[in-house]
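The values are calculated or read from the model by the stated rules, or taken from the named source; none is laboratory data. Model, not experiment: these values are computed from the prediction. Positions of Cβ are backbone-derived with ideal geometry, glycine not excepted, and every protein chain shown enters the neighbour counts. Each accessible area value is taken on the protein alone, full model and side chains, heavy atoms only, with ligands, DNA and RNA left out. Shrake-Rupley method; radii C 1.70, N 1.55, O 1.52, S 1.80 Å.
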Amino acid sequence: MGGVNTAGVRAEAEIRARADGRGGTALPVLESRGPLAVRRTRGSGATAHVTLVGAMSGPHGGDHFTVRADVGPDARLRVGSAAATLALPGQHGGQARQDVRLTVAAGGELHWMPEPLISVTGSELAVHTHVDLAPGARLVLREELVLGRTGEDPGRLTSRLTVRVDGRPVLDQELDCGPGAEGGWDGPAVLGGHRAVGQLVAVDPEFEDKPVAPGVPADGLAVLPLTGPAVLVSAVAPDALRLRRLLDRAPSAFAPAAPASA
């Protein structure tokens, strides 16, 4: 992949969620620097809601965005974004980077639900999302990637997602698409010609006693139980709207597997 352009913009955002001792969740740290802003929005019940807002388009080639969220014991946090993220070619070229670091303590719960990331033709972006969960933590993470705007080819997009529970890997996978990627990325074994791809990862201690059944609940949607206890829901679709509709069906797919016959 192309080299990193050090002339790009640096942006950082940090969120820390802690139980407030009154059945709710406080946000003692809510900081951002550069073209990223974090805003607390109206929550519900014990869950604090935060929205990531981009003060400018991007990331462009050479930019490096870093987002960190840390959820303490018994705290509950939901993070979304105000709009889709556009990966754009930079004035000086080069690869852009986006690093997301998420940690959840025992008894904590994180819903990471950003809007789609759109890979614009001519762009080059590498995204790495790294999640560390303590035993007893809960997670729902959604990732939606759209390869090119309507009627255009995608840029180069590499996305790696790593999830660990108690230090042990539950999921570590990478998707590499667009110009310069290995041949066959848009073939039937990977995307089948689709231009929207997404996944939803759920980690919940209750899956230990109520395992989720694997299956294909809809065309383009697959459910795969993971050791952890966790579940991976993967989807491909012709566009972002269809992709969201498929992933929105995921919670109803988390039905316990039928017990084995005696």
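A few points about this structure:
- Matching entry among Pro251, Pro179, Pro259 (being modelled with pLDDT under 95, open to solvent by 20 Å² or more (accessible area, probe 1.4 Å) and outside any loop (DSSP other than H, G, I, E, B)): Pro251
- Some residue of the range 203-217 being closer than 25 Å to Leu147 by Cα and either open to solvent by less than 40 Å² (accessible area, probe 1.4 Å) or assigned to a loop (DSSP other than H, G, I, E, B) (or both): no
- The range 61-109, subset under 15 Å from Val38 (Cβ atoms) and basic (Lys, Arg), residue most open to solvent (accessible area, probe 1.4 Å): Arg101
- Hits in the range 6-44 (condition: in a loop (DSSP other than H, G, I, E, B), more than 20 Å from the chain's Cα centre (by Cα) and touching a residue at least 24 places away in the same chain (Cβ under 8 Å)): Thr6, Ala7, Gly8, Val9, Gly24, Gly34
- Per the conditions (1) assigned to a strand (DSSP E or B); (2) open to solvent by less than 50 Å² (accessible area, probe 1.4 Å), the sole criterion not satisfied by Arg164 is (2).
- Some residue of the range 52-60 being part of a strand (DSSP E or B) and surrounded by fewer than 17 Cβ atoms within 10 Å (Cβ to Cβ): yes
- Taking (1) surrounded by fewer than 18 Cβ atoms within 10 Å (Cβ to Cβ); (2) modelled with pLDDT under 90 in turn, Leu36 satisfies each apart from (1).
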